[in-house]
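Beneath this line is the structure, given in structure tokens, with notes to follow.
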Amino acid sequence: MNFLITGGSGFVGSNLIKKLKNLNHNILNIDKKESVWHQDVSKYVNITDESDLNNINYQADTIIHLAAEHRDDVYPKSLYYEVNVEGTKNIVKLAERNNINSIIFFSSVAVYGFAEEGTNEQGDINPFNDYGSTKWLAELELKKWLQKDQFNRKLVVIRPTVIFGPRNRGNFYNLINQIYSNKFLMVGDGKNYKSLAYIDNVIDFVIESFNFSNGEHCYNYVDKPDMEMKKVIHSVYNALNLKQSEFKIPYYVAYFGAIIFDIISILTRKKFSISSIRVKKFCMSTSFETSISDIGFKANVSLEEAIIETVNYEFNNKNKDNVIFYTE
């Protein structure tokens, strides 16, 4: 098959392209960032620039739309809308212009906002930030495209939770690194649940979606079962072969202490690693349900195995490469 991938130079895209190459598919990656692994199939294109897209001479069977502004510190905030919404509109025009009838879109569980535990694909859409809002607006644009010819077109929307794995410099890596560096302090009792997704399993699900029928498909991507935060922490300590401290900081002590850092940050315009929102996110449950098992999909790697593989690559591997991807 021929795949056009947007934003394929990032963490998910680079791993996906690697897998597609191994399966002997044809790929064109369009991205405004240089690919560190796949220069041979990549082209500089900014999806917000229609003239860039008009110059693409590649007939794809499926578009895998990954390109997005997603970091917490995007400035100006209008970039979220320019890339995530207007960029998606341009991708829709590209699909229509080239008679491409299959789109796989990476959205996010951020469309649910501070969702109730167990929120599934039918959960209320209530984003709390620009990233979640613009991901939902992008979904709506793609739904409009599908509805124009839903019997001949296919739209797969994947809403992943936190994706982690080797080379990913997101929040999960930062947690492991804090433990490795002996800078980690446990906040709260750790009984809150966290939904996580391992990169290899996510890629396998994308491959599975190639076989879906025409029409609309929407799935939260979560590797089940969810883990309590204290179990995640324990698994990391074990993988690093380190002894875990029994000391815990009560949640409200840490939260109100972090507010002081928020105030100092506002006054000095400096960013700190400690903030009230980070403390809140760490201690709250972010547990989502998914219907991926309904189609018979089963992840090949358990979360505990995934944590061990990630820790071993990052901290127990003398031969690792220098490739890293910043995702949050």
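The values are calculated or read from the model by the stated rules, or taken from the named source; none is laboratory data. As the structure is a prediction and not an experimental result, all values here were calculated from the model. Glycine also receives a Cβ, built like all others from the backbone with ideal geometry; neighbour counts cover every protein chain displayed.
Please determine, by comparing only the residues of the stretch 203-230 that are more than 30 Å from residue 282 (Cα to Cα) and among the hydrophobic types (A, V, I, L, M, F, W, C), which one is nearest to the chain's Cα centre (by Cα).
Checking each candidate, the answer is 207.
In contact with a helix residue (DSSP H, G or I) (Cβ under 7 Å, 6 or more places away or on another chain), under 22 Å from residue 145 (Cβ atoms) and not charged (D, E, K, R): is that true of residue 30 in this structure?
When the stated conditions are applied, residue 30 does not pass them.
What is the one condition in (1) part of a helix (DSSP H, G or I); (2) out of contact with any Gly (no Cβ under 8 Å at 6 or more places or on another chain) that residue 14 does not satisfy?
Status for residue 14: all satisfied but (2).
Can you pull out every residue in the stretch 131-171 that is buried (at least 17 other Cβ atoms within 10 Å of the Cβ), in a helix (DSSP H, G or I) and among the aliphatic types (A, V, I, L, M)?
Within the stretch 131-171, 137, 138, 142, 146 meet the criteria.
So which residues in the stretch 285-308 are farther than 16 Å from residue 203 by Cβ, among the acidic types (Asp, Glu) and surrounded by fewer than 16 Cβ atoms within 10 Å (Cβ to Cβ)?
Hits for the stretch 285-308 are 294, 304.
Residue by residue, here is whether (1) part of a loop (DSSP other than H, G, I, E, B); (2) of a type outside the set (Val, Ile, Thr); (3) in contact with a Phe, Trp or Tyr (Cβ under 9 Å, 6 or more places away or on another chain); (4) modelled with pLDDT of 95 or more holds:
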| residue | (1), (2), (3), (4) |
| --- | --- |
| 34 | yes, yes, yes, no |
| 59 | yes, yes, no, no |
| 64 | no, no, yes, yes |
| 80 | no, yes, yes, no |
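Going by the structure shown, is residue 259 assigned to a helix (DSSP H, G or I), touching a Phe, Trp or Tyr at 6+ places or on another chain (Cβ under 9 Å) and of a type in the set (Val, Ile, Thr)?
Taking the combined requirement at face value, the residue does not satisfy it.
To keep it simple, each residue is scored yes or no on (1) surrounded by fewer than 14 Cβ atoms within 10 Å (Cβ to Cβ); (2) free of Cβ contacts under 8 Å to residues at least 24 places away in the same chain; (3) within 24 Å of the chain's Cα centre (by Cα).
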{"site": "232", "(1), (2), (3)": "no, no, yes"}
{"site": "241", "(1), (2), (3)": "yes, yes, no"}
{"site": "246", "(1), (2), (3)": "yes, yes, no"}
{"site": "249", "(1), (2), (3)": "no, no, no"}
{"site": "254", "(1), (2), (3)": "no, no, no"}
{"site": "267", "(1), (2), (3)": "yes, yes, no"}
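Within the stretch 201-220, does at least one residue satisfy the condition of being under 16 Å from residue 191 (Cβ atoms) and of a type in the set (A, V, I, L, M)?
Among the residues of the stretch 201-220, not one is under 16 Å from residue 191 (Cβ atoms) and of a type in the set (A, V, I, L, M), which makes the answer no.
Among the residues of the stretch 189-203, what is the count of those that are assigned to a strand (DSSP E or B) and either in contact (Cβ under 8 Å) with a residue 40 or more places away in the chain or of a type in the set (Ser, Thr, Tyr) (or both)?
Qualifying residue count, the stretch 189-203: 5.
Run residue 109 past the list (1) aliphatic (A, V, I, L, M); (2) buried (at least 23 other Cβ atoms within 10 Å of the Cβ); (3) within 30 Å of residue 1 (Cα to Cα); (4) free of Cβ contacts under 8 Å to residues at least 60 places away in the same chain and report the number of the one that doesn't hold.
Here residue 109 clears every test but (4).
Please verify whether residue 21 is assigned to a helix (DSSP H, G or I) and not polar (S, T, N, Q), treating the condition exactly as stated.
So residue 21 fits the description; yes.
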